[in-house]
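Shown next, in structure tokens, is the structure this report addresses.
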Amino acid sequence: MRLAGVVLIALVAGFLMWATRDLPLRGDPQSPASTHVSVYYIENALVDSKTPNMVTAVLADYRGFDTFGEAVVVVAAALSCLLILLRRRDDQGVVDDPDERRRIAGGADP
Amino acid sequence: MSQIPALIPTSLLLAALLSLLAGLRSQRAGHAVAAAGIVVSFGAALLGMWEVVSTGQSIRYAMGGWIPPIGIEFVLDHLAAYMTTLITFIGVVVIFYAPRSIRFESPGKATFAYPSMALLLAGLSGMALTGDVFNLYVFLEIAALAAYALLAIGDRGGPFATVRYLLIGAAGGGFYLLGVGFLYFSAGTLNMADLSAILPELVENRAVMAAAGLMVIGLGLKMALFPMHFWMPDVYTNAPSAVSGLIAPIMTKVSAYAIIRLFLDVFPPGFFTETLPITATVGWLSAGGILYGSILAIGQHDYRRMLAYSSVGQISYVGLGIGLANPIGLIGGLLHIVNHALMKGLLFLIGGSVRLRTGVTRIPDMKGLGKAMPWTMYAFVIGALAMVGIPPTAGFFSKLYLLIGAVEAGAWIWFAVIIASSLLSAVYFFRVTEMIFRDPGSDPAETSRDQGGEKDESTPDHPVGEAPASMLIPVVILAVGVILVGVFNFAIISALLESVVAPLEG
Amino acid sequence: MTIEFFAGRYPYILIAVLLGIGLYGMTMKRNLLKKVIGMTIFQTAIYLFFIQGANKMGATIPVYAEELGTEPTAYMNPLPQVIVLTAIVVGVAITGVALSLILLTYKRYGSLDEEVIIRRMRESA
Amino acid sequence: MDQLLHSAPLLAILVSALAAVAIPLTGERRRNLRETWTILASIAKFGFVAMMIPGVLAGERYEMSLLEIAPGVELALKVDPAGLLFATSASFLWILTSFYAIGYMRGGNERKQSRFFSMLAVCLSATIGLCFSANLLTFVLFYEILSVATYPLVIHAGSEKAYRIGRQYLIYAITAGIALVGGTALIYGLTGTLDFQPGGFLEAGLGAPMLWTIFALFALGFGVKAGVMPLQSWLPNAMIAPTPVSALLHAVAVVKAGVFGFVRLVGYVFGPGLFGDMGAATVLAVFAAATILLASLIALTKDDLKARLAYSTVGHLSYIVLGVALLVPQAMLGAAFHMVTHAAMKITLFFCAGAIYIHTGKKKVSQLDGIGRQMPVTLGAFGVGAVGLAGVPLVGGFVSKWYLAVGSVDAGMLIFLGVFLVSGLLNAAYLVPIVTRAFFRSSPEHTGFNEASLLMVAPIFVTMLLSLLLGIHPDGFFQFFSISEAIVEAVTGTSFTGGG
Amino acid sequence: MTSRYDSVFLDVVSRGVVPLIQIFALYVVTHGHYDPGGGFQGGVMLAASIILLRVAQGEESYERFPRAAGLYLAAFGALAFCLLGFMPQLFGGNFLEYGYAIPPMEAVELRYWGIFFAEVFIGFLVWGALVAIYDALATGGFD
């Protein structure tokens, strides 16, 4: 089982190495990634938003929606940690009281 | 320019944040805000669907006004309209169901649960709408984070089950991101439309093949494709019912949807079928998953665990639709997304109602509930019939299309698998149906068999009755939905799905 | 397999190895915390993959400099950096949630060993 | 009126569906009102069905398409002679069964009566729906609804045994249903159409393996309901259901749905020509013939009255299947007509069995000595039904058996003629002694005239009269014989010059 | 003296270091246009300063930075970012299309400020969220 796992992982790593044959060489300035969309960012960041730092321009403007999503991820993480770890005494009763649980379980909607 | 595509996820995000702030003051206010936001986004999704269907054009929305591929694009096309409507609809139903159930099953967690639900829906609808492969990853993780938290707040085993899910989910997200990397470094863009223009020249490129493989593996992990499903039963067994009712119907489906989107809209035609045998692989794994899930579901004593195993099988139907890769098969798979969402949501919510009233989660203990909770149980029967695939419920038609697709593809083994699994699901669902409509207490020997599952100590001292209105109405809505989708399935197909599968024709 | 091949591609190989190590930690280790560490290594490998792809020989950081103008080859590719930034934040978020879950698991079962936890789960059920 | 006539197929289906909803809503407390719904619905349904008979005989085909349920396949209704024949007999007998069931349920003080009447109405809706289905998908749809809706009726008793039998019933029914869905998908995938065509629409070009697969799936699907051996074992067990159910569903509606499926399959999907050429007809005929003989033999051994009748049903259903499988016009005519005559006679017998049970608590044949003196009308009707099933002239069974026998001679298969004759004798052997015991042996228990309630006796009397009428003047009652002829004409293209 | 270890060194050093960290963090947040940096990086630093306080001073730190503050900060930051995204929609732009935010102003200028505020909001958000995560973890969780 353990061996099978190691073999599988080795296969994944080997697969990646196999696939990198067709990736651009390290630092190739003519790679597709460096010649297609990114050129626009480099050439226009300053013109479009007076921002010399292209990373910031891409981050907050061109792909601002990613960043917005990312911000939501952070909030979601905080919210998740609180949800997992904390318990709030609800404004509608004490939470661990069996009587309260029974009250919630029975009867119609409050 | 129509603002609808942006409105669907952002109204949910806004609702989540406001609900969080309001919830810190009053739990009820928090719920109201979250519910309002979900209803608004459901309205937006309906409007968007109306617009797409009536014009026949997809709505393209450039985020931040940057024309793709410079910026991020949201695309509300037929398929996305289909998914967002489904996602937000399930959201609406569950959010109204949730308060009572969450307060009972996860005391003290309600305040943060509603914003998390809204975030989950936002993430999923964002995944459905985005036209950018990296943006999809971001929304995938929003949905995943919210889901981890929501799934963990149920029973005792919840956190541990969720850690395992989280590790799988992180691996899935990681593989997907790695695939995005391979794609980006080969093609130089992240926009789906742009990619589909560039990739045909790169068909022989190993990196592109690796990208496709990695992305599908990643999404496959997320969608619980057999044999990567093993986290699912534990997670659903320990999650609060309202959460299972929200997550089980839509979460895995959206990952399946993402695979379909890659298959149809990103990679060149034939890439997933001929260059790399991805659809066939997905299909075979799904065929295994269908049998595995259906067989294991039979042996379960815990209602939720049974549903979880059945989910393993049911999500595989969608996978099988992908595997068939012909128009009618894929229509079957896509239709099954909606069908299964409604059925599984219905069944999980019913489990929650039963638990609220009786504290029971094990099937042998459900004896005689037909008398005590007649409406809920009739809804269960509808759900069970749909699961088995009895007309005119929704389940019948998706299976029929899958069967037809299997015939057209000449996939006789898959044909046999679908038929066999229908039989198997008949076995496990009628077992429950029979149990709930029996007279209670006629056979004490059967109730004392004990293994697995938790029975709450707080056995009810009140007479067990019908679920409260806030939980009954959502259940009834879903039950009616199951039938309506079945009867009017062709309207859905001709309005939305036929144009989706059009690239596969000829 | 020439020297140039390795010269141009050694980062990929290293990254693949790192990824393998991370995966090994995630799947083979029994301790939940070690699994999370493995997950972090796995994610790091992915960040590195993006970062090395942003690299251009002889280019500088993507902050506009008067003397370089807007010559695309003079700056590194900003987009992967943005992606990595986002991915890192996502990774941190996941790690935070994972730690919370592990904390609660430990509280309930008194162990971080997966098999021990599973055994205790069975016992209590 | 014309408008009404053209929407009659749909109305006939909907009216009982409506009743099915109204019945539980009315509830147990106002049971007279609840029973009114059943009666009204059954009469209305029969009215809707019957009003189409003249038109259909004149060559009119009432068609309706409701909505598209799959690409190129609509939920469509089409009234043709075959469907009409079945629909008329089922809906007419529902009226009688309704009265009878009210008497039965009240007499026996049964539980969950609302569910019972409601589900019965659903079953009838489904039956009429499948009669009028214009294509295979609509047919399968109603067929599955019928299977599932029968389940609550089977487990009606609520005992452990009833649940066990219900489970068995469901396994059979669901397997059959899924086989049908599979077959339907197969046909659609291969041909792209599912519409029934008189004379069939499948092509020999599909190749033998594919045709045989289709046949196997459908034979499994219909064979279960039609009780063709070796798929019959659920049917005798299902007799645990209340007698009105056994009478109407397990002697007429449900099981005939399977037989009717074979009619559709042979006549409207494969077409007699292709069905005969590929050799499936012979296979089906052999199975049916074996079923006839075996079921009759088993029936002889059964002491439980309903079990004996159940095996008799198994045998007689195979008469029809055999008649269809012989593929010659005369045999098909006999088969079609036997659907009606068997329905009339068998429902009489079941009604009698139920009346005896409710009135005296007797279930076994050996307990019936002398009961004829106590319940002469019931047992008299039983006698008529019994001799009719045996094929004695002047009762309906004779006419249909005559044509079946003639047909087997026409087909040149004298062995099947032998089967018919032997089984006729066996029929007489297992049914007639019941009557003779009842009337000619005496028992101290049964003295003095003491019939079951009028609600039960009246339907028995009516069905008995119907059986006789069908034998004396086959075309006299709603022109069943003419309709049967029309079916055969449509399927085979032969025309009959005169009536029977 | 309520710090956990009652160490003068710890107390003094933390008191001294925290403001420095925070000032540098604010610089990083606001100077993202010109240098590597921005809301995420600066926000993390801000959070780090608070966490340092928490570690060094224990209970006392809750008086300076209350338990609930993290969550509020995160929620308000995200909310502000969200509203920033909605603002252009009021004037006919798309979501996050800063160029439309305030019609009379020049689009380039608006984008500049849009980026700036986005970074600032993100800074607050990350600050609050990370502190909230730390606080939640530090409680050990309620079972």
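The values are calculated or read from the model by the stated rules, or taken from the named source; none is laboratory data. Given the structure is predicted, the values throughout are model-derived calculations rather than measurements. A quick note on method: Cβ atoms are made from the backbone with ideal geometry, for glycine too, and the neighbour counts reach across all protein chains shown.
Evaluated against (1) under 20 Å from B:Ser470 (Cα atoms); (2) touching a Phe, Trp or Tyr at 6+ places or on another chain (Cβ under 9 Å), B:Val93 falls short on exactly one condition, (2).
Out of the range B:366-422, which residues are within 23 Å of D:Leu146 (Cα to Cα) and of a type in the set (Gly, Ala, Ser)? Passing the criteria: B:Gly370, B:Ala379, B:Gly383, B:Ala384, B:Ala386, B:Gly389, B:Ala394, B:Gly395, B:Ser398, B:Ala420, B:Ser421, B:Ser422.
When D:Pro152, D:Pro209 are checked against the criterion of being free of Cβ contacts under 8 Å to residues at least 12 places away in the same chain and assigned to a helix (DSSP H, G or I), D:Pro209 stands alone in meeting it. No other residue among E:Leu96, E:Leu84 is under 20 Å from A:Lys50 (Cα atoms) and not in a loop (DSSP other than H, G, I, E, B) apart from E:Leu84.
The residues listed here are B:Leu24, B:Leu86, B:Leu79, B:Leu20; of these, the one that is in a helix (DSSP H, G or I) and surrounded by fewer than 20 Cβ atoms within 10 Å (Cβ to Cβ) is B:Leu24.
The criterion of being surrounded by fewer than 22 Cβ atoms within 10 Å (Cβ to Cβ), modelled with pLDDT of 85 or more and small (Gly, Ala, Ser) holds for B:Ala416. When restricted to residues that are over 16 Å from B:Leu385 (Cα atoms) and either polar (S, T, N, Q) or in contact with a strand residue (DSSP E or B) (Cβ under 8 Å, 6 or more places away or on another chain) (or both), the range D:157-186 contains 3.
Of all the criteria given as (1) more than 7 Å from every other protein chain (Cβ to nearest Cβ); (2) under 29 Å from E:Gly37 (Cβ atoms); (3) assigned to a helix (DSSP H, G or I), the one not satisfied by C:Val89 is (1).
Rundown of residues vs (1) in contact with a strand residue (DSSP E or B) (Cβ under 7 Å, 6 or more places away or on another chain); (2) more than 7 Å from every other protein chain (Cβ to nearest Cβ); (3) aromatic (Phe, Trp, Tyr); (4) more than 19 Å from B:Ala187 (Cα to Cα), yes/no style:
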site	(1), (2), (3), (4)
A:Ile9	no, no, no, yes
A:Ala13	no, no, no, yes
A:Asp22	no, no, no, no
A:Arg26	no, no, no, no
A:Ser31	no, no, no, no
A:Val37	no, no, no, no
A:Asn44	no, yes, no, yes
A:Val47	no, yes, no, yes
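Of the residues making up the range C:92-125, those that are within 30 Å of E:Gly37 (Cβ to Cβ) and either outside any helix (DSSP H, G or I) or at the interface with another protein chain (Cβ under 7 Å from one of its Cβ atoms) (or both) are C:Ala93, C:Ile94, C:Gly96, C:Val97, C:Ala98, C:Leu99, C:Ser100. Within the range B:289-323, the set of residues being touching a residue at least 60 places away in the same chain (Cβ under 8 Å) and outside any helix (DSSP H, G or I) comprises B:Gln300, B:His301, B:Asp302.
Just so you know, in the range B:189-222 the residues that are at pLDDT 90 or above and part of a loop (DSSP other than H, G, I, E, B) include one that is farthest from the other protein chains (Cβ to nearest Cβ), and it is B:Leu190.
In the range B:185-195, of all residues being crowded, with 18+ Cβ neighbours inside 10 Å and touching a residue at least 40 places away in the same chain (Cβ under 8 Å), the one that is nearest to C:Asn55 (Cα to Cα) corresponds to B:Thr189. Looking only at the range B:157-188, residues that are within 9 Å of chain A (Cβ to nearest Cβ) and more than 30 Å from B:Arg304 (Cβ to Cβ) come to 7 in all.
Take the conditions over 23 Å from B:Glu505 (Cα atoms), more than 10 Å from chain D (Cβ to nearest Cβ) and crowded, with 24+ Cβ neighbours inside 10 Å and apply them to B:Leu385. Does it pass? Here the answer is no, as B:Leu385 does not meet what is asked. Filter the range E:20-51 down to the residues that are out of contact with any Gly (no Cβ under 9 Å at 6 or more places or on another chain), of a type in the set (Ser, Thr, Tyr) and in contact (Cβ under 8 Å) with a residue 24 or more places away in the chain and list them by number. Listed by number, the list holds a single entry, E:Ser49. The number of residues in the range D:267-288 that are under 25 Å from D:Leu389 (Cα atoms) and crowded, with 24+ Cβ neighbours inside 10 Å comes to 3. Residue count for the range C:56-86, restricted to those that are facing chain A (nearest Cβ under 7 Å), of a type outside the set (Ser, Thr, Tyr), over 21 Å from the mean Cα position of the chain (by Cα) and assigned to a helix (DSSP H, G or I): 1. Do the conditions hold for E:Ile122, that is, is it over 25 Å from E:Arg67 (Cα atoms), facing another protein chain (nearest Cβ under 7 Å) and under 17 Å from the mean Cα position of the chain (by Cα)? No, not satisfied. Of all residues in the range C:5-39, those being surrounded by fewer than 19 Cβ atoms within 10 Å (Cβ to Cβ) and more than 12 Å from chain A (Cβ to nearest Cβ) number 4. Restrict the check to the range E:112-124 and report whether at least one residue is buried (at least 18 other Cβ atoms within 10 Å of the Cβ), of a type in the set (D, E, K, R) and in a loop (DSSP other than H, G, I, E, B). There is no residue in the range E:112-124 that is buried (at least 18 other Cβ atoms within 10 Å of the Cβ), of a type in the set (D, E, K, R) and in a loop (DSSP other than H, G, I, E, B).
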